[in-house]
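Note sheet for the following structure.
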Amino acid sequence: MGGLSGTLGIAVNSLLADQGAMEVASNNIANANTPGYTREQANLAEQQPVQIGNLLFGEGVTLQSIQSIRDPVLEMRIQQENQVQGKLNSFLDGANQVQALFNETQGVGLESVLSQFFNSFQALSTDPTSIPLRQGVLSAAQNLVSTFHQESSSLSQIKSGLDQTVTEDISQVNQLTTAIAQVDSQISSAQVSGQGQGTLIDQRSELVNQLSNLIGVNVTNAESGAYTISTQDGMPLVVGNQSCSLQTQLDSSSGTQHVYFNGNDITSSITQGELGGAFQVRDQVITSIQGQLDTLAASVVSSVNSQNAAGYDLSGNAGGNFFTPLSSTAGAASQISLAISDPSSIAASSDGTMGSSGNATALAALQNQPIVNGQNVTDFYAGLVNNIGNQVSFANTQQQAESALEQQLQNQLQSISGVSIDQEASNLVMLQQAYEASAKVVSVVAQLMETTINMA
């Protein structure tokens, strides 16, 4: 209303509004470097005017609301990139471990021991009656057996480590979904009571980012209403203030941990996040390499045994099995073993005479024959090594591209939702001046009231 009391009310309202706006600016500055913080904006609004007679008197200003400045589309894009980045990081972590097992440049792998094994037969062909050369063949063979065992065991250890990662990640997923549901409940309560929700929404967004880094998710109604998070194939993880849990269980056929939702195996549908990358390495990369190693081992056993059986040992007896025969290809790399321990049992002769070396030469020649799926052992093994190397190289390239894209999206979001210290400092100066002016009005009105009272 008009009069000194009305003017005083306008000034006091202005002081309160400016004070609230300064608190918002101060809070922005304080959280300028806080991860996940979204800039807040104080929305000032003119109060409804009052009509007195034919005149309308303004009632000043009010702090109508405090709004978090967000871009839901960019936030959703960043969550999607988190899923991709989580997958690539997890994949590279596991794939690099696998690649390290076949680092031929550092003398790790099968290439050199395969060559040494077949070269030992070539050396024996120069003097087929030499016991030291025959012992060299057995030593090279045992080295080959040990390397097959080591490679197979190391792959199994990496797979076990990934299994442990799966269990830990699922536990973390369940913790995050529970926390998101709790925060969502607090947001709903704040909406009902009319309280600010910006801090709570920031907490929820940060939790969802952590969740999307672990597992591929779909998010709907991210701004208001029932907040829903589901897996890639639509299994609900969070619905409003309710959360659902995932379980891990040992799969009897593969011997690895699988993920279940309400009794349904959803492992194959998880293709993003850290879990997606772990499953890709565990169930595809390692399984494929183990299969190729088994094929290589089984082919070497079969071919060498057949050729050894075609010759004669140092005593003129028909050759037998060099390696212990395998019942199947599956597990061959871990089961390969020598069938002989006596160097004189090596069938180097092709006709039964002591000086003959024809079968030793034939055994050495197996290295260059297409005995493994139509390829020689060197080319087959090189293909195995190149394949894992290509996968790691491609993932590294993709990771760099995705990192650049995610950084670009983060920069865009920061330009919208991030805090500019310069802008907030400018706002504080403006609000300070407005506050001082309102305080001056209060002071003037107080003096005028005192004068009026003294006149009375």
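A few points about this structure:
- Under a model in which nothing but the beta-carbon of Lys, Arg (+1) and Asp, Glu (-1) is charged, the range 1-138 shows a dipole of about 280 debye around its Cα centre.
- Mean-position separation - Cα centroids, the range 404-436 and the range 334-361, in angstrom: 80
- Sequence-separation-based contact order of the range 76-406, relative, with Cα cut under 8 Å and 6+ spacing, percent: 25
- By average C-beta atoms within 10 angstrom, highest first, the peptides 382-389, 288-295: 288-295, 382-389
- The calculated FRET efficiency for the pair Ala318 and Gln369, based on their C-beta separation and a Förster distance of 22 Å, comes to about 0.50.
- Gln164 paired with Ser288, simple spin-label distance in nm, labels 7 Å along Cα-to-beta-carbon: 2.6
- Rg over Rh [alpha-carbon atoms, Kirkwood Rh] for the chain: 1.32
- Net lengthening on full extension, Thr271/Asn143 (0.36 nm per residue, minus Cα-Cα): 42.2 nm
- Membrane-span-like helices of the chain, defined as complete DSSP H segments with a Cα extent of 27 Å or more along the helix axis and a mean Kyte hydropathy of at least -0.5, are identified as 3-30, 131-193, 287-309, 377-417, 421-455.
- Residue (of Ala95, Ser112, Ala360) at the positive-pole extreme of the range 76-406, dipole from beta-carbon charges: Ala360
- Take the Cα of Ile69, go 7 Å toward its beta carbon, and the backbone nitrogen atoms of the range 1-36 under 16 Å from that spot belong to 21-34, 36.
- Sorting Asp233, Asp169 from the fewest to the most surrounding beta carbons within 10 angstrom yields Asp233, Asp169.
- Think of the chain as having a plus end and a minus end, set by charges on the Cβ of Lys, Arg, Asp and Glu; of Ser328, Leu293, Ser341, Ser341 sits farthest toward the positive end of this dipole.
- Relative contact order, whole percent, for the range 88-245 stands at 17, derived from Cα pairs under 8 Å and 6 or more residues apart.
- The label-point distance for Ser403 and Ala310, in a model that sets each label 7 Å from Cα toward Cβ, rounds to 5.3 nm.
- Spin-label model distance (nm) - Glu436 vs Ser115, 7 Å beyond Cα toward Cβ: 8.2
- Residues listed by number, the range 413-456, amide nitrogen under 16 Å from Gln19 label point at 7 Å toward C-beta: 431-443
- Shape category assigned to the range 321-374 from the gyration tensor of Cα positions, a/c cut at 1.5: oblate
- Around Glu406: net Lys/Arg minus Asp/Glu count, Cβ-Cβ under 10 Å: -1
- Check: the range 76-406 dipole with +1 on Lys, Arg Cβ and -1 on Asp, Glu Cβ, in debye: 280
- Dipole orientation for the chain: of the candidates Ala190, Val61, Phe148, Phe148 has the Cα lying most toward the positive pole (charges on Cβ; Lys, Arg +1; Asp, Glu -1).
- The range 262-326-the range 115-166 distance, computed between alpha-carbon centres (Å): 14
- What the Cβ-Cβ distance of Met455 and Ser26 gives, at R0 = 35 Å and to the nearest 0.05, is a FRET efficiency of 0.25.
- Which of Lys159, Lys440, Lys87 has the fewest Cβ neighbours within 10 Å, and the rest in rising order: Lys440, Lys159, Lys87
- Length added when fully stretched, Asp93-Glu46, from 0.36 nm per residue minus Cα-Cα: 11.2 nm
- Radius 14 Å from Cβ of Val12, net charge of other residues (Lys, Arg +1; Asp, Glu -1): -1
- Note on Asn264/Gln135: beta-carbon distance plugged into 1/(1 + (r/R0)^6) with R0 of 56 Å gives a FRET efficiency of 0.45.
The numbers here are math on the coordinates, done by the rules we state, and not lab data. Predicted model only: the values in this text are computed from it and were never measured. Cβ: placed from backbone, ideal geometry, glycine included. Neighbour counts: every protein chain shown.
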